[in-house]
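J.: Got a structure here, written out as structure tokens. Questions coming.
The values are calculated or read from the model by the stated rules, or taken from the named source; none is laboratory data. Keep in mind that this is a model prediction, so the values were computed, not measured. Every residue, glycine among them, receives a Cβ derived from its backbone with ideal geometry; neighbour counts consider all protein chains shown. Surface accessibility is based on the protein's heavy atoms, side chains included, excluding ligands, DNA and RNA. Shrake-Rupley method; radii C 1.70, N 1.55, O 1.52, S 1.80 Å.
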Amino acid sequence: MDAFTTLTGIAAPLPMANVDTDKIIPARFLKTIQRTGLGKAAFANLRYNEDGSENPDFVLNKEPYRKAEILIAHENFGCGSSREHAPWALLDFGIRCVIAPDFADIFHNNSFKNGILPIKLPREICDQLMEDARMGENARISIDLERQVVVRPNGDEIPFEIDPLRRHLLLNGLDDIGQTMQRGTAIDSFEARQQAAQPWLYG
Amino acid sequence: MSATKPRTLYDKIFDAHLVETLPDGTALLYIDRHLVHEVTSPQAFEGLRMAGRPVRRREGTMAVIDHNIATDESRYTGRIEDPESRLQVETLEKNVAEFDVPYIPLTDARQGIVHVVGPEQGLSLPGMTIVCGDSHTSTHGAMGALAFGIGTSEVEHVLATQTLLQKRAKNMRVTVDGVLPKGCTAKDIVLAIIGKIGTAGGTGHVIEFAGSAIRALDMAGRFTVCNMSIEGGARAGMIAPDETTFEYVKGRPFAPQGEALERAIAWWKSLPSDEGAHFDTEVVLDAAEIVPMVSWGTSPEDVLPITAVVPDPASAKDEARRDQLQRMVEYMGLTPGQKLSDLKVDVVFIGSCTNSRIEDIRAAADIVRGKAVAPGVRAMVVPGSGLVKKAAEAEGLDAVFKNAGFEWREAGCSMCLGMNPDKLTPGQRCASTSNRNFEGRQGPGGRTHLLSPAMAAAAAITGHLTDVREMA
């Protein structure tokens, strides 16, 4: 996983609530055994017409948003299926940060595991950032994870909250499996305790 | 935590699986049961392979194939036609062999949808922590377990360590008291709940479903309710284990037997929430007020009684909601003010991890018996497992459906999610017993109306969404 420290880039406005993971990547693209290469499937049902041509009205098909690295959206982003293909598709498209009033739990979790930073900010602030995003190329937004601020194009800094452990893992690009494996002894003794108390789980 | 402080069902199972608490308060939670399927596991096994890590507890793991397979007999006779699906299935088979993970293959009578197979085999038991790379893992919470969906990185984490890093969720209790009116089912209860709390109402929470109407449900009904917890935003939904649960567990192949079962039941009886336990959020519904429900829009919160009409976007409370309603009305091909019971359907799908158990199939058969599918409607029944299919055939239910013009298919996820050959074509309208009505969920441009098995059967017979209470 790539570390996330700072990011300055174009933000795409996606003023929709309940952007579900079927919308982020429809199920027909889940028949892959790899994590990469899913960028072309991101938002496929919105991005392409039935004949496969691009839908010129969809924001990610417009300049400069083809190069967007940040998405601004409305409430409950990432609801629905647990598919990690959703953050994989966003990442492969080039998105490293999603800003919304709130996120569905599983998507929120999956994002951190892939170096995508989901930032929760109040709706009125998201609305301001949405207006910034509509200004396109001239309105780059910056994220500073170390300082936990979003910097608007006018220089205003907006602080955001983030879980300290997740911030640490993201800043350092660490995967948590290696860390948990170091707690193998604690897991061993848990299993011994549980087996004594609930032997039927170890039939 | 003081031992005397009243705790919820969720708190008790969480505490019983706490390996360690990290300095920042994150819990390392032990996972008893890990269910694996072909779509969300290949990258996880690849991760293990790259790091040279084994599967920590093979006997805590079970793999099945359900999402991407065809539900006709072609899957037994030759190789899987779609090359990508074939590769995914072959990859799972290679992985379970290499990592020595227990596996129920496609040709096994026990094969089926992972959330039907787990409880059916006794792999899912009360008091367990259960995970799977699928958001509808919440289904297993009906056993009185803590069960939730995870992403592929977490699948790899569980395979390698049999644990997950978790923050404690908030407790929500949804109490449904009273007697459910005739024609209403567990599906109507859960659709009514989601309509009330909204699709993000349970975010950050684990829901405990309680009350006399929930207690009165059989296990199939309880699975249906917990299955759709995630549609209300909650990763997990649970129902306290009781005699109904214990009776269900008895005799299942992987369940404890004899003295071990007695000992297990003694522990399971200690799990229900204590009197006075704290719930951060409480929601109450009166079962007597529930009517047969149907979704009209493209989010599971957009549900209405079958007696209602299509909402008018002009009456929305604000501009954002108006835009949302407008988009849904257009996508779904509806006219504001139109009666929901006037909507003609092209396809009827009875199946999915929400509603594909024998009880669901019986409820649909009771409506269909002696009648015929309306002209021009494609109607299908997809049992949740090979064993459900066999049981239904033993009762002659396959003949009820086939005689009426239904397709009687092989077990799998089928038309719930549009990643196998069972898909809607653009513009088709489907009465579906599945769980999600998102845009394109059942195939690009498809239009989904969520409802109960009896309501779906009624729609197949009349050719339009129908109030099942009016069926003779």
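J.: Is the stretch B:308-318 home to any residue that is outside any loop (DSSP other than H, G, I, E, B) and under 27 Å from B:D134 (Cβ atoms)?
T.: Initially, the stretch B:308-318 is screened for residues outside any loop (DSSP other than H, G, I, E, B), giving B:309, B:313-315.
Then drop every residue that is not under 27 Å from B:D134 (Cβ atoms), which leaves none.
For the stretch B:308-318, residues outside any loop (DSSP other than H, G, I, E, B) and under 27 Å from B:D134 (Cβ atoms): absent.
J.: Among the residues of the stretch B:106-136, write down those that are facing chain A (nearest Cβ under 8 Å) and of a type outside the set (A, V, I, L, M, F, W, C).
T.: Result: B:G127, B:G133, B:D134, B:S135.
J.: Go through the stretch A:143-166 and give me each residue that's within 14 Å of chain B (Cβ to nearest Cβ) and of a type in the set (V, I, T).
T.: Taking the stretch A:143-166 first, the residues within 14 Å of chain B (Cβ to nearest Cβ) are A:161-166.
The answer is A:I162, and nothing else.
J.: When you check A:G178 against the structure, is it open to solvent by less than 30 Å² (accessible area, probe 1.4 Å) and either closer than 30 Å to A:Y202 by Cα or at pLDDT 95 or above (or both), yes or no? Break it down into steps so the answer makes sense when it comes.
T.: Details: open to solvent by less than 30 Å² (accessible area, probe 1.4 Å): yes; either closer than 30 Å to A:Y202 by Cα or at pLDDT 95 or above (or both): yes.
Taking the combined requirement at face value, the residue satisfies it.
J.: Report, ordered by the first and then the second residue, all pairs with beta carbons closer than 8 Å, sequence separation of six or more or different chains, a first member in the stretch B:24-36 that is facing chain A (nearest Cβ under 9 Å) and aromatic (F, W, Y), and a second member that is surrounded by fewer than 21 Cβ atoms within 10 Å (Cβ to Cβ) and outside any strand (DSSP E or B).
T.: Within 8 Å, the pairs are B:Y30/A:I187; B:Y30/A:F190; B:Y30/A:E191; B:Y30/A:Q194.
J.: Let me ask something else. Inspect the stretch B:116-132 for any residue being within 30 Å of B:M50 (Cα to Cα) and out of contact with any Leu (no Cβ under 9 Å at 6 or more places or on another chain) and give the result as yes or no.
T.: The answer is no; no qualifying residue exists.
J.: Another one. Out of the stretch B:292-348, which residues are within 30 Å of B:M380 (Cβ to Cβ), charged (D, E, K, R) and open to solvent by 10 Å² or more (accessible area, probe 1.4 Å)? Talk me through it step by step, then tell me what you get.
T.: As a first pass, look at the stretch B:292-348 and keep what is within 30 Å of B:M380 (Cβ to Cβ): B:292-311, B:327-335, B:338-348.
In the following step, the residues that additionally are charged (D, E, K, R) were identified as B:301-302, B:327, B:330, B:339, B:342, B:344, B:346.
Passing the criteria: B:E301, B:R327, B:E330, B:K339, B:D342, B:K344, B:D346.
J.: With a cut-off of at least 1 residues that are among the hydroxyl-bearing types (S, T, Y) and in contact with a strand residue (DSSP E or B) (Cβ under 9 Å, 6 or more places away or on another chain), name the helices (runs of 4 or more DSSP H) lying wholly within the stretch A:82-199.
T.: Here the list reads A:105-112, A:176-181, A:184-197.
J.: List the residue pairs whose Cβ atoms are under 8 Å apart, where the first residue sits in the stretch B:355-378 and is more than 19 Å from B:M219 (Cα to Cα), the second is among the β-branched types (V, I, T) and not in a helix (DSSP H, G or I), and the two are 6 or more positions apart or on different chains.
T.: Within 8 Å, the pairs are B:V373/B:V348; B:V377/B:V345; B:V377/B:V347; B:V377/B:V348; B:R378/B:V347; B:R378/B:V348.
J.: A further question on this structure: Is at least one residue of the stretch A:7-29 at the interface with chain B (Cβ under 9 Å from one of its Cβ atoms) and more than 25 Å from A:I72 (Cβ to Cβ)? First the steps, then the outcome.
T.: Narrowing the stretch A:7-29 to residues at the interface with chain B (Cβ under 9 Å from one of its Cβ atoms): A:15-18, A:20-23, A:26-29.
So of that shortlist, the ones also more than 25 Å from A:I72 (Cβ to Cβ) come out as A:27-28.
Yes, the conditions are met somewhere in the stretch A:7-29.
Residues checked against (1) without any contact (Cβ under 8 Å) to a residue 12 or more places away in the chain; (2) polar (S, T, N, Q):
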position: A:G155; (1), (2): yes, no
position: A:E161; (1), (2): no, no
position: A:R167; (1), (2): no, no
position: A:L170; (1), (2): no, no
position: A:I177; (1), (2): yes, no
position: A:T180; (1), (2): yes, yes
position: A:S189; (1), (2): yes, yes
position: A:W200; (1), (2): yes, no
position: A:G203; (1), (2): yes, no
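J.: Against the definition (more than 12 Å from every other protein chain (Cβ to nearest Cβ), under 19 Å from B:D360 (Cβ atoms), out of contact with any strand residue (DSSP E or B) (no Cβ under 6 Å at 6 or more places or on another chain) and at pLDDT 95 or above), how does B:D218 come out, yes or no? Let's see the steps before the verdict.
T.: Working: more than 12 Å from every other protein chain (Cβ to nearest Cβ): yes; under 19 Å from B:D360 (Cβ atoms): yes; out of contact with any strand residue (DSSP E or B) (no Cβ under 6 Å at 6 or more places or on another chain): yes; at pLDDT 95 or above: yes.
When the stated conditions are applied, B:D218 passes them.
J.: For residues in the stretch B:37-54 being open to solvent by less than 10 Å² (accessible area, probe 1.4 Å) and either at pLDDT below 95 or more than 8 Å from chain A (Cβ to nearest Cβ) (or both), which is farthest from the chain's Cα centre (by Cα)?
T.: B:L48
J.: Follow-up question, since we're still on this one. Kindly list, by first and then second residue, each pair from a residue in the stretch B:324-337 that is in a helix (DSSP H, G or I) to a residue that is β-branched (V, I, T) and surrounded by fewer than 15 Cβ atoms within 10 Å (Cβ to Cβ), limited to pairs with Cβ atoms under 8 Å and residues at least 6 apart or on different chains.
T.: B:V329/B:T335
J.: For the stretch B:70-104, give me each residue that is outside any helix (DSSP H, G or I), at pLDDT 95 or above and either within 12 Å of chain A (Cβ to nearest Cβ) or closer than 14 Å to B:H37 by Cβ (or both).
T.: B:V101, B:P102, B:Y103, B:I104
J.: Applying the selection to the stretch B:193-212, what residues are touching a Leu at 6+ places or on another chain (Cβ under 8 Å) and closer than 21 Å to B:G127 by Cβ?
T.: B:V206, B:E208
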